[in-house]
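Below is one structure, written out as structure tokens; comments come after it.
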Amino acid sequence: METSKISLIQNISKLGQGVSLPNYTRNYCTYNEQRTKSIVDEGEKALPYLDTFFKNAQTEEQVLDGLQIIDKMLDKGVKGIEKLYPAISKYNDAVSPNIQVMLAGIYRKTLIPDAFGPLNKMLLRQTFMPNSPFFDPAEEIGGAIMEYLNYQAKINSSFIN
């Protein structure tokens, strides 16, 4: 097995280690940036390993670490991220506001049609049962929904013009 593949597998197996959740002095998560960069730099080669990772992730920290890598990959323009939707969509019903915000950010960037319903469900959950003392998850979730509506409006107006 080539060295970069071994390194990639080792880095993915360590996801979740060193993640710090929001607290009263910081309203965001922190991650191992060096490990994140190493995985993101692998681009499309990392996607099958991330798919397997999400099928087996056990803790909130693991899920968040994997999601933030997907988010960084989207920022870098890595192709094929939408293929991970089946693996990450199992977290759509997570009660964790941290996971909800990360998913909303990913869905906002990918505009995967199947994610629109779960985003609305997340927003309703946060409206009637807000569960984060550190930040407002509805802000990111609502922003993702607005992005979907904006995208749909652009599609519809192109048919009219």
**OP:** First check a/c for the stretch 24-103, with a ≥ b ≥ c the square roots of the eigenvalues of its C-alpha gyration tensor; if it is under 1.5, answer rounded, and if not, answer prolate when a/b is larger than b/c or oblate otherwise.
**Re:** oblate
Original post:
What order do you get for 118-127, 19-28 when each peptide is scored by the mean count of other beta carbon atoms within 10 Å, highest first?
Top reply: 118-127, 19-28
Subject >> Average accessible surface area per residue within the chain, 1.4 Å rolling probe, Å² >> reply: 55
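Indicate the gyration tensor shape class of the stretch 11-54 (rounded, prolate or oblate), computed on the Cα atoms with a ≥ b ≥ c the square roots of the eigenvalues: a/c under 1.5 is rounded; otherwise a/b larger than b/c is prolate and the rest oblate. Could you put the intermediate results ahead of the total?
On the way: a/c = 2.80, a/b = 2.17, b/c = 1.29.
Since a/c reaches 1.5 and a/b is larger than b/c, the shape of the stretch 11-54 is classed as prolate.
Decide, for the chain, between rounded, prolate and oblate: order the square roots of the alpha carbon gyration tensor eigenvalues as a ≥ b ≥ c, take rounded if a/c falls under 1.5, and otherwise choose prolate if a/b is larger than b/c, else oblate.
Values: a/c = 2.14, a/b = 1.27, b/c = 1.68.
Since a/c reaches 1.5 but b/c is at least a/b, the shape of the chain is classed as oblate.
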Subject >> Within straight-line cross-link reach of K45, lysines at Cα separation under 17 Å, skipping those fewer than 8 residues along the same chain >> reply: K5, K37, K72, K76, K79, K83
Subject >> Cα-based helix-to-principal-axis angle, 116-128 vs the chain, degrees rounded to 10 >> reply: 80
Original post:
Using the alpha-carbon atoms, what tilt in degrees (0 to 90, nearest 10) does helix 97-110 show relative to the longest principal axis of the chain?
Top reply: 80
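The values are calculated or read from the model by the stated rules, or taken from the named source; none is laboratory data. In this text, all values refer to a predicted model and were calculated from it rather than measured experimentally. Heads up, the Cβs are rebuilt from the backbone with ideal geometry, glycines too, and the neighbour counts pull from every protein chain shown. Protein only, heavy atoms only, side chains kept; ligands, DNA and RNA dropped before computing areas. Shrake-Rupley method; radii C 1.70, N 1.55, O 1.52, S 1.80 Å.
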